[in-house]
Amino acid sequence: MLDLQRLRALHAVSVHGGVGAAASALGFTPSAVSQQIAKLERETKTVLLEREGRGVRLSPEAHQLVAVTGELLAIVERAESELEQRRGKPAGRLTIAAFASAARGLLPGVLADLAVRHPAMDARLSESDPHLSVGMVAKGAVDMSVVHDWDIAPLPLPPGVEQAVIGEDQCALLVPQGHPFAGRDSVRREDLGGERWVCQPPGRVCHEWLVRTLRTAGHEPEIVHQADENPTLVALVAAGLGICLIPRLGRGPLPAEVVEVALDPTPVRRLYALWRTTAAQRPAIAETVRTLQEHWLRAARPSHQAARTPRAD
């Protein structure tokens, strides 16, 4: 009989793209994951991982085994969910992926609150871009993710994934002190032509939104500096190297060299919690969604409008 933990290790390598990343997600060492897969190869008398440069790739037989393992893990998840539901209390491990500003500005308070109110529950956070964390939920790499999308760039969800709205995060234009926009109450999107921008790299949700928005307004954006972290973008604006658009969640206080200006109409991104349908009845899922919504109301500034959300259970 095949060992489920060894199958889970192989499945994690497939989902995360390597032994090291799989080990990090499972909370093991890379050598422990390699040993699990080596034992699985002996049990199945099949080569499952093949060397490719400095990494590995799955053999065709491994891909077939991973597909079946996904079905097995879904069955196990349903069984665990039903047992937790019968107990009626949040319990067990809950892995959460969240994008950077939510991980910084929202999740710390949520995780601390859950730890106090539900000691039998073990919630764990990892930071991930929304485009990646949607797939991580769908494939079972994490139990839940906190993601965002924009009005003109909705985030598609795969089958078997459910969602609840956490709230809406408003964005503002940040310009250097002394910039022509700095003395204005608001700026329209049509006025943004010819500006030099600092922005997140291509492939990130914020980057795609900026490009689409400016092109819709008739401008081709000139993105001169790119950085992953919002504090770096703010520092580039403070140095007078460009302007940027940043959501308020997790942004922190602005330096004196940076001026916040409203953009008309105000850009808004929606925050969601995602989880698999097979785990929808877990009390831990429902309680985490409720706690996220509660903390959003505390973290959001008065100008934010928290959305009315469906029940997670």
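Data for the structure
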item: Where only C-alpha atoms are counted, convex hull volume of region 178-222 per residue in Å³; result: 81
item: Rel. contact order, % - alpha carbon contacts under 8 angstrom, at least six apart, the chain; result: 23
item: Estimated translational D of region 108-208 in µm²/s (Stokes, Kirkwood radius over Cα pairs; 25 °C; 0.890 mPa s); result: 142
item: Percent of C-alpha pairs per 5 Å bin, region 15-65, short to long; result: 5, 21, 28, 30, 15, 1
item: Packing rank of 111-117, 4-10, where each peptide gets the mean count of other beta carbons within 10 Å, highest leading; result: 4-10, 111-117
item: At q = 0.11, 0.16, 0.17 Å⁻¹, base-10 log of I(q)/I(0) for region 171-313 (Debye sum, equal scatterers on each alpha carbon); result: -0.50, -0.89, -0.97
item: Region 1-115: proportion of alpha-carbon pairs further apart than 24 angstrom, %; result: 40
item: Fully extended contour minus Cα-Cα distance, from Ala238 to Glu260, at 0.36 nm per residue; result: 6.8 nm
item: Of all accessible heavy-atom area on region 1-107, the percent that carbon and sulfur account for (1.4 Å); result: 52
item: Over 17 Å [Cα-Cα, region 206-245], rounded percent; result: 31
item: Distance in nm between pseudo-label sites at Gln5 and Leu132 (7 Å out along the Cβ direction from Cα); result: 2.7
item: Part-to-part distance (alpha-carbon centres) for region 119-149 and region 194-234, which is given in Å; result: 25
item: Percent of Cα-Cα distances greater than 21 Å, calculated over region 58-140; result: 47
item: Rough spin-label spacing in nm, given labels placed 7 Å along Cα→Cβ, for Lys45 and Val68; result: 1.5
item: Eligible aspartates and glutamates near Lys39 by straight Cα distance, threshold 14 Å, same-chain separation 8 or greater; result: Asp3
item: Within the accessible area of region 239-284 (1.4 Å probe), percent carbon and sulfur; result: 57
item: At least 30 Å along the helix axis (C-alpha) and Kyte average at least -1.0, DSSP helices within the chain; result: 60-87
item: Accessible area of region 153-272 divided out per residue, in Å², using a probe of 1.4 angstrom; result: 44
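The values are calculated or read from the model by the stated rules, or taken from the named source; none is laboratory data. In this text the structure is predicted, and so the values were computed from the model without any measurement. As a convention, Cβ positions derive from the backbone with ideal geometry for all residues, glycine included, and neighbour counts pool all protein chains shown. Only protein heavy atoms, including side chains, enter the accessible area calculation; ligands, DNA and RNA are left aside. Shrake-Rupley method; radii C 1.70, N 1.55, O 1.52, S 1.80 Å.
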